[in-house]
Amino acid sequence: MRIAFFEDSAASGFAPIALTRPVFELVCGQFSLRERLVRFLDVHDWGAVVRPYLAETYREEHPEAHVNDFHWLASEPTLLINGRWLPSPEAINQLSSATEEQVGVVGDTIAFMLLEPIEAALLNESDFDDTVHKIATAKQAIQVDGHVAERPWDLVDLNPELLIADFQRRRELENDRTDSADADESVASKHTLDPRVAVLGNLDDVRIDPTAEIDPFVVIDARGGPVSIDAGAKLQAFTRVEGPCHIGFESQIVRANVKAGTTIGPVCRVGGEIESSIIHGFANKYHDGFLGHSYVCPWVNMGALTTNSDLKNDYSNVRVPLSGTPVDSGSKKIGSYVGDHTKTALCSLFNTGSSIGVMTMILPGGELLPKHVPSFGRVWHGVVDDLQDMESALTTARQAMERRNCELTPAAERLLRHLHEQTRAERTAAVERSRSQQVASDQAARELTR
């Protein structure tokens, strides 16, 4: 199968967590959409159409992919897939039988369509969205299963459903690869866990890689959904994990209370209380503190006792300032959305529905932080400013990545510098707003002391 993922104009609605990656690389369940389809389908060649400024780093990360390569796209029939689509297992199965006469839709949104070379030849970078929709109007629309994400909180809300679906699909593939004797042996191997590890629920709903280390006095509760623990993961004593939940490759869980609906990606260090959240990967929340209904990007470090609220005192719907513009989530349970390379100092307190941009520096002063911290901004005693030095921030990023045997490549540095310029207007507006609020607060305080 030959497939190509694409970002439509709605990809901009996923700031700050998609500022540094295409929307089809955002995690929901155990995988991103790209990982899910490449893993579960017979894909022999694939490409991607991404926002132009992401193309260089995406080519570097995925040298096998054809990125923004419209000649490749027009060379053979190709299945074009919307990067915001979160397909059900049934819908994934339908992709193998897609025909050029039909377009799969969820509601009014294109989910996928099979492009003939003559159709793909019409596509270009400047008006990609419009051309895709014009091509789709000539095809028969068929409703397909799954969801189309619109905002960051959709990923968090749908995470439990996708965790269950991914677990089941992986189990089916494992069963297909083994005969019945091997399958029985696999189930029996679960009993090699230390007898002081408590597994609650059905053993078939727990998958632990043989190389994972599970200490005594760990509780794995699969009564509410499946639990998967990947290779090299380590669960320290007195950790409790509730399903549905996934713990990724070489992640360390340190005396944590991991509640249902949580994905912890590869190479994370996580402690404290985590509920219904997605930690994308390569992030640290090592110490105590609560993280709920949130999405945390790579290379974030949360200082000791960093905590977020995910429910307002009056139980009303939460508004989230995405790119500085408040958006009604329509939900009462909303946490924080934290962009790449952000660092929080100890006891950082995030308000309900916070949007924290890329490479921010959070230096708290004991009070609730502003709900909107723009990319490359800094918070100092509750006031947002733009005094963070870019060169120092890049040095910190290099050092953090080297600690995990990764590199801040020249292409990744160029991406961050581009984003620094791209978000300048948002940052300026946030700084001015914060200063005005501080002046008003100081004036009110003076009035009270008269």
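Any read-out appearing in this document is the output of simple, stated calculations on the displayed coordinates, not a laboratory observation. This one's a predicted model, so the numbers in the text were calculated from it and none came from an experiment. As a convention, Cβ positions derive from the backbone with ideal geometry for all residues, glycine included, and neighbour counts pool all protein chains shown.
A compact table of results
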read-out: Dipole of the chain, positive end: most advanced residue of C28, I135, P216 [Cβ charges, Cα centre]; value: P216
read-out: Signed unit charges on C-beta, dipole axis of the chain, positive-most listed residue L122, G303, A412; value: G303
read-out: GluC sites (Glu not before Pro) within segment 73-134, DSSP loop, no more than 16 other Cβ atoms inside 10 Å; value: E100, E101, E125
read-out: Packing-based order for 430-440, 106-116, 239-249, 76-86, using average beta carbon neighbours within 10 Å, highest first; value: 239-249, 76-86, 106-116, 430-440
read-out: Whichever lysines have a C-alpha closer than 26 Å to that of K259, once near sequence neighbours (fewer than 8 apart) are set aside; value: K190, K234, K285, K312, K332, K333, K343, K371
read-out: Alpha carbon Rg of segment 241-330, scaled by the compact-globule rule 2.2 N^0.38 Å; value: 1.11
read-out: Charge dipole (debye, nearest 20) of segment 155-449; +1 at Cβ of Lys and Arg, -1 at Cβ of Asp and Glu; value: 840
read-out: Segment 283-378 - Rg and Dmax from Cα coordinates, angstrom; value: 12.1, 34
read-out: √(5λ) per eigenvalue of the Cα gyration tensor, segment 328-450, largest first, Å; value: 29, 16, 15
read-out: Principal axis dimensions, largest first and in whole angstrom, of the chain by Cα; value: 77, 61, 43
read-out: Three semi-axes of the equivalent ellipsoid, segment 2-150, Cα gyration tensor, whole Å, largest first; value: 20, 18, 16
read-out: Highest-first arrangement of 210-223, 153-166, where packing means the average Cβ count within 10 Å; value: 153-166, 210-223
read-out: Of G281, A4, A425, farthest towards positive along the dipole that unit charges on Lys, Arg, Asp, Glu beta carbons give the chain; value: A425
read-out: Anisotropy class of segment 84-130 from Cα gyration tensor, a/c 1.5 cut; value: oblate
